[in-house]
Amino acid sequence: MKKTVTALAIAAAMGATSAHAADFKVNDATTFSVYGNLQYIYIDQNNAAGDSESELTDNGSTFGIEGEHKWDNGLTGYFRAEWEYRADEKEGDGGISGTDEVFAGIKGNFGTVQIGTWDGIFQDSISDPLNPFEATGMTEANGDSEVGDQIAYFSPSFGGFTFELQAAYEGDAADSGSSPYGDDSLGDGDSTFQAVAKYTTDMFAVHLGYDDRGYEEDADGNIGLTGVVNLAPVTLAAKLEQVGEDSAGNGEAQLYALTGSYDYGVGAVTAAVQEIDPDEGDGRTEFLINANYNVASNFYVYVEGGWLDKNEDADDYISTGAVYSF
């Protein structure tokens, strides 16, 4: 299940906004927006035994609100609250099913400070530009998408160079049963740290990131380098990632990926290949392709396939779907 992407998914990964939000101007200093999407997918995917299983289902529909307020001191405050819901179910499994991201921040000439929960700067900068696919997508290292209690700093641009720092911390009270605020996603007293450095021009961007994976017990850190080149109508992205051993017993591995997207005017064709080279055991090569068509500015359809080179062809899939944004 992936976030909604546009036809220029890879290029947009350099920096995206809510393209189809309904914006309301409260006053000269305050704006408020409501946005969301409906995502439906039909997917035929192999199980662990290699047997095909199909389903028509929701693929991560979301609903959100956001706003910002400009203060007299030159600072701007902002917030976003976004939730997932099941667009294919009426009762029981329907309704809002979980928090996608909720955060607030302050920005000014000094940069931006943000607090809350979101996918995290390593995933946004290193993984997402290579993996804009709608269904399963390419394999990623165990990520930080469930981590909350985050605070981050985003620097202003220094001649195209920026850096980002993110930490998350859960105090001793969170899992002790004594906290009046309920349990959080990190373990008792756990903390995490991520850092990303970027250099961006009109034609290309380079991202270097580190994730210490403190949200996983006894896990080693990840280091990643991603580059994106905009050669309109073609966009190319490449990634080198060193994945540390994780708490599930998966050893160290190197991930090499290349993704290309061609914008043909009313949609895009995107293909990716990823080589997974573990320090122990056999490697494998993944291949994915997606073609989408923009029916309207806020509505597109797509077909997608993934061949992940696992035993018994496990997790290989073909899919088709539609995304309507509002």
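The values are calculated or read from the model by the stated rules, or taken from the named source; none is laboratory data. Model, not experiment: these values are computed from the prediction. Positions of Cβ are backbone-derived with ideal geometry, glycine not excepted, and every protein chain shown enters the neighbour counts. These area figures cover heavy atoms from the full protein model, side chains too; ligands, DNA and RNA do not enter into them. Shrake-Rupley method; radii C 1.70, N 1.55, O 1.52, S 1.80 Å.
A few points about this structure:
- Single unsatisfied condition, GLY224 versus (1) more than 17 Å from the chain's Cα centre (by Cα); (2) under 21 Å from SER191 (Cβ atoms): (1)
- Test: residue in segment 217-224 that is out of contact with any Pro (no Cβ under 6 Å at 6 or more places or on another chain), at pLDDT 95 or above, in a strand (DSSP E or B) and surrounded by 15 or more Cβ atoms within 10 Å (Cβ to Cβ): yes
- Any hit, segment 234-257, residues being farther than 29 Å from ASP277 by Cα, aliphatic (A, V, I, L, M) and modelled with pLDDT of 70 or more: no
- Selection status of ALA237, open to solvent by 20 Å² or more (accessible area, probe 1.4 Å), of a type in the set (Gly, Ala, Ser) and closer than 30 Å to MET203 by Cα: no
- Counting only residues that are of a type outside the set (Asp, Glu), surrounded by fewer than 17 Cβ atoms within 10 Å (Cβ to Cβ) and farther than 13 Å from SER325 by Cβ, segment 17-36 holds 7 of them.
- Between GLN39, GLN45, the distinction of being open to solvent by less than 40 Å² (accessible area, probe 1.4 Å), at pLDDT 95 or above and on the phi < 0 side of the Ramachandran plot belongs to GLN39 only.
- Counting only residues that are at pLDDT below 90, open to solvent by less than 30 Å² (accessible area, probe 1.4 Å) and within 21 Å of the chain's Cα centre (by Cα), segment 171-215 holds 4 of them.
- Considered as a group, the residues in segment 278-292 that are surrounded by 14 or more Cβ atoms within 10 Å (Cβ to Cβ) and not small (Gly, Ala, Ser) include one that is farthest from ASN37 (Cα to Cα), and that residue is PRO278.
- Residues in segment 293-303 that are in a strand (DSSP E or B) and open to solvent by 60 Å² or more (accessible area, probe 1.4 Å): TYR293, VAL295, PHE299, VAL303.
- All conditions in (1) among the hydrophobic types (A, V, I, L, M, F, W, C); (2) open to solvent by less than 80 Å² (accessible area, probe 1.4 Å); (3) free of Cβ contacts under 8 Å to residues at least 24 places away in the same chain hold for LEU308, with the sole exception of (3).
Each row is one residue, and each column tells you yes or no for (1) among the β-branched types (Val, Ile, Thr); (2) not in a loop (DSSP other than H, G, I, E, B).
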| site | (1), (2) |
| --- | --- |
| THR270 | yes, yes |
| VAL273 | yes, yes |
| THR285 | yes, yes |
| GLY305 | no, yes |
| ASP309 | no, no |
| ILE318 | yes, yes |
| GLY321 | no, yes |
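- Test for ASP124: is it acidic (Asp, Glu), surrounded by 15 or more Cβ atoms within 10 Å (Cβ to Cβ) and in contact with a strand residue (DSSP E or B) (Cβ under 7 Å, 6 or more places away or on another chain): no
- Screening VAL273 on (1) at negative phi; (2) open to solvent by 10 Å² or more (accessible area, probe 1.4 Å); (3) in contact (Cβ under 8 Å) with a residue 24 or more places away in the chain shows it passes everything except condition (3).
- Residue within segment 191-205 that is part of a strand (DSSP E or B) and touching a Pro at 6+ places or on another chain (Cβ under 9 Å) present: yes
- Looking only at residues in segment 78-97 that are on the phi < 0 side of the Ramachandran plot and surrounded by fewer than 16 Cβ atoms within 10 Å (Cβ to Cβ), the one that is modelled with the highest pLDDT is GLU89.
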